[in-house]
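Peer 1: Once you've had a glance at the structure underneath, I'll fire off some questions.
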Amino acid sequence: MAQAENESAFCPIIEGPADDTATHETETEHTEERDTIGELRRDLAGMNADLLTPPSLSPFLRFRGSVAFTEGFEQNLHILAKDQYPDRAMGIFTSGGDAQASINENEIHRIATYYRRSNDLQQHDYLTEIGKEGHFIAKNQFNGCSLAVFTSGGDAQGMNPAVRAIVRMGIYLGCTVYFIHEGYQGLVDGGHSIRQATWASVSGISEDGGTIIGSARCKDFRERPGRLRAAKNLIEHGINNIVCIGGDGSLTGANLFREEWSSLLKELVETNQVKQEDAETYSYLNIVGLVGSIDNDFCGTDMTIGADSALHRIMEAIDCIATTATSHQRCFILEVMGRHCGYLALVTALGSDADWVFMPEAPPEPGWEDQLCNKLKNTRETGQRLNIIVLAEGAIDCEHRPIKSDDVRELISKRLKYDTRITILGHVQRGGCPSAFDRLLGTRMGAEAVLALMEATPTSKPVVIALSGNQTVRVPLMRCVEKTLAVAQAMQAKRFKEAQELRGRSFKSNFETYIRLSKLRPKLSSNKQHTFNLAVLNVGSPAGGVNAAVRAIVRYGLCEKMNIHAVFDGFEGLINNQVKTLQWTSVNGWSSVGGSLLGSQRTTAAKIGLTKIAEKFREYNFHAVIIIGGYEAYTSVIQLYDARNKHPEFQVPLICIPATISNNVPGTEFSIGADTALNEIVKICDKIKQSAQGSKRRVFVIETMGGYCGYLATMAALASGADQAYIYEEPFTIKDLIEDVDHLCKKMEGHLKRGLLLRNEMASEHYSTDFITNLLREEGKGIFSARSNILGHMQQGGFPSPFDRAFATKLGCKAITYIASLIEKAATGDGKVICNTPESAVVLGLIKRQSEFTPVEALKTKTDTEHRLPLDQWWLKLRPLLRILAKHESVYISDFIESGVDEVDQTQ
């Protein structure tokens, strides 16, 4: 996901309502709020380094096989021993949508007013605690504890992966885990609605949408007698730990239940429904929440479970609509969900080049009807054959009057006489398989929820497991609810700017980017006298989202009075004069196109010849250059930067925008295209698993791309529920392979008679995909068969994912703004630009929750140049979770027993 503005995720993740809350992040927040033109990180400015890192200094060699290596060089490790909480129980449930406890309007007003008065809109005082993700987790350290999980309210894709992670992490830790079927209704009904979960009961559910344990709204739980019955049912099963998966209403109901727990037990004892000793044993109730909502309307987390999958459904629909709309020159109005939140509508508009967006937080100004019609008319006059309008179901005008799809269609049809159609997606947005991001999000949050429950004390406040950048965190539940209610209160009072602020920096940034791109007009830009020439080219392999970045660069560049020169086929095309000036309409519809419309070559600048390139820079009078691409693009910027003294033509702003499915470019945690490739791999894995299921007793070995970087293999394995992922960063031996064979043999004794192993293409020189497959065939003879599948270039194709479209668009805009600021400082009186500082040769990437411009000079020492890898890769901390959920128990004990323990660094 993600992503300077909470893009988040281990994967790529599109941003949502941000949690700008942690007090220890105040300094970071101030930096982000100033990030209008992308300032250089002060801690990196002026650093010097050699390009080549001696192999002897490479941490990939120093730490190979050690804990620090396999954990992504984590400095702070937590020991979580299995069965260490033997006397505790826990439950799981999912919920979303409706409130299960009544809160009157006065209370809402009180909470909203208090929040607004006591907190500056740009700062928050949430007591965020960093999660234990990626640290040592000892087996059976909570032996004898119990917990339960349930889902309630509206369902969301990604709930099942969360349930799977909760069950398996709970069992791994020694807990007894229970399903509470049908949400709060099952909690009240008890009996068969509360059942013990097993390891096998959650096998193969990661790819299923919805929730396997059911979800229902419950009126009984809103009243005390219903909650009394629920408490009795939990005591009878020995449960006082609950994971609630749902929206703010369901989480509020869970918190009320916790607050009333003591009085409920007292009443049950007095009426002889519960024994006194049982009441003392389960004298308190611990609650941990996961937010499952496709609307992404919960404040406190960058993304909610289900939002990314809903965006996939919407984007798939809009791509299909675009083809038919173009054929008939039609205008389409696409209505998406979002009764009180416009996140889905906003990100859809940003990633689809929509002409207009209606959403609750930003109602149009009076007279919007004329503005809309004029804009549609202007786009048709420029040759555009279709118009797309995105409308959230809760769209309103500034007087709170609803804006309906039928009203907009009637307006356009009458005034412009356009053939206008409406498509209401409805519950299609809730259905289908979870995206790779939602699978990973649900898995990570579910595992963290169990750890948070087991570490809770009788005085612990309930928390929500949230996503902050690419880190799971624990945030006070009711503080998040208060902020969410404050958004509704601000909108009700017509304080719409405040509502946008409360949604978070990410929401505001997305909205401002969309407004900037949508308000620009070709005629306005063409009347300006462009002074500076910007070159944009693609170097490396194709990646989904590159065209969206080019579109943003062209349109933002035109606004900044730049001539945009597109260089086709990389540096080879530059030498061959394949250079063309792009205008506003040249990039219509580019956001949804996969691959690279500019053409891409993997040849670096040095291989072409720096002298030849300098001559072309001088010939075309380039004042700035943006190179979009993978490791080759990064290397080319370094080569141009190092040659500045010899070739003054290179003393201009040089920016590398990382775009590669391998996600191996230093200076960023996510690269454009990696999320698209990950989704393609996961879809293929789902199909292969179906094949293995039909064949029975079959194991598949799947080879992924990525060079030496194991990002795709690891994340795809975690998202698809694979048994193992072999990567270069984590060395493996023949002993490890034999242990995996033994694991698969035991697995075939169960009901799920299939296996899935992923291997990165450069994981090992000798243990190739064929070798592993043949080993499985020989050692598993008579127990299972084995097949291999090399995915190849399918991973580079397909439509860009919603995340990659939005991420690329924002990076493109930020790159232009940064270049404009450099040119303003470095331009000479005769129209030349001279930049010869480290700040003028940078990688623009996403680090934590910020867009960072990192000098390539500073990145030289952070790169394993031999293997084309960053030395620090955040996703390595997810490797232990992959092994736990696949039941690779021995790996943990042997790998981590020697490492030692550090406390959480609250300053990071």
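The values are calculated or read from the model by the stated rules, or taken from the named source; none is laboratory data. All values reported here derive from a predicted model rather than from experimental measurement. Here the Cβ is made from the backbone with ideal geometry for all residues, glycine too, and neighbour counts use every protein chain on show. Heads up: the accessible areas ignore ligands, DNA and RNA and are worked out on the full protein's heavy atoms, side chains in. Shrake-Rupley method; radii C 1.70, N 1.55, O 1.52, S 1.80 Å.
Peer 1: Where in region 758-803 are there GluC sites (Glu not before Pro) that are in a DSSP coil and have at most 10 other Cβ atoms within 10 angstrom of their Cβ?
Peer 2: For GluC sites (Glu not before Pro) across region 758-803 that sit outside H, G, I, E and B with at most 10 neighbouring Cβ atoms in 10 Å, the list reads E765.
Peer 1: Quick one: grab the alpha carbon gyration tensor of region 679-796, order the square roots of its eigenvalues as a ≥ b ≥ c, and give me rounded if a/c is under 1.5, else prolate or oblate depending on whether a/b is larger than b/c.
Peer 2: oblate
Peer 1: Still on this model: Output the antiparallel fraction of DSSP beta bridges having both residues in region 679-796, as a percent to the nearest 5.
Peer 2: 0
Peer 1: All other residues with a Cβ under 12 Å from the Cβ of G630 taken together, and with Lys, Arg as +1 and Asp, Glu as -1, what is their net charge?
Peer 2: After counting each charged neighbour, the total is +1.
Peer 1: Which length gain, in nm to one decimal place, applies between E381 and D419 when the Cα-Cα distance is subtracted from 0.36 nm times their residue separation? Before the final figure, lay out the partial values.
Peer 2: Details: separation 38, 0.36 × 38 = 13.68 nm, distance 1.59 nm.
Full extension from E381 to D419 adds 12.1 nm.
Peer 1: Working out 0.36 nm times the residue gap between Q492 and I738, then minus their Cα-Cα distance, what length gain in nm do you get to one decimal?
Peer 2: 82.3 nm
Peer 1: Between K825 and K607, what's the calculated FRET efficiency when r is the beta-carbon distance and R0 is 25 Å? Round to 0.05.
Peer 2: Computed FRET efficiency for K825 and K607 comes out at 0.15.
Peer 1: Still on this structure: If you take every residue apart from L391 with its C-beta less than 11 Å away from the C-beta of L391, what net charge results, scoring Lys and Arg +1 and Asp and Glu -1?
Peer 2: Numbers: positive: K404, R409; negative: E335, E393, D406, D407.
Net charge in that neighbourhood comes out at -2.
Peer 1: Can you work out the Karplus-derived ³J(HN,Hα) for every residue in region 460-476? Use 6.51 cos²θ - 1.76 cosθ + 1.60 with θ = phi - 60°, whole Hz, and x for glycine or proline.
Peer 2: Computed from phi, the couplings for region 460-476 are 5, 7, x, 10, 10, 7, 10, 10, 10, x, 10, 10, 7, 9, 10, 10, x Hz.
Peer 1: Give the accessible area for R777 in Å² (nearest 10); use a 1.4 Å probe, count only protein heavy atoms, and leave out ligands, DNA and RNA.
Peer 2: Taking all protein chains as shown, R777 has close to 100 Å².
Peer 1: Between H192 and Q693, what is the spin-label point distance in nm, taking each point 7 Å from the Cα along the Cα→C-beta axis?
Peer 2: Placing both labels 7 Å along Cα→Cβ, they lie 2.4 nm apart.
Peer 1: To continue, here is another question. Could you run the Karplus curve 6.51 cos²θ - 1.76 cosθ + 1.60 with θ = phi - 60° over region 446-457 and give me ³J(HN,Hα) per residue in whole Hz, x for Gly and Pro?
Peer 2: Working through the residues one at a time gives x, 5, 5, 4, 5, 4, 5, 5, 5, 8, 6, 10 Hz.
Peer 1: Right, next: Obtain the nm distance between the two label points defined at K832 and S460 by a simple spin-label model: each point lies 7 Å from its Cα along the Cα-to-C-beta direction.
Peer 2: 6.5
Peer 1: Continuing with the same structure: Residue by residue through region 761-774, which ³J(HN,Hα) values in whole Hz follow from phi under the Karplus form 6.51 cos²θ - 1.76 cosθ + 1.60 (θ = phi - 60°), with glycine and proline marked x?
Peer 2: Values, residue by residue: 4, 10, 4, 7, 5, 9, 8, 6, 4, 5, 4, 5, 4, 5 Hz.
Peer 1: Using 0.36 nm per residue, how much length does the chain from E267 to E280 gain when fully extended, once their Cα-Cα distance is taken away?
Peer 2: 3.4 nm
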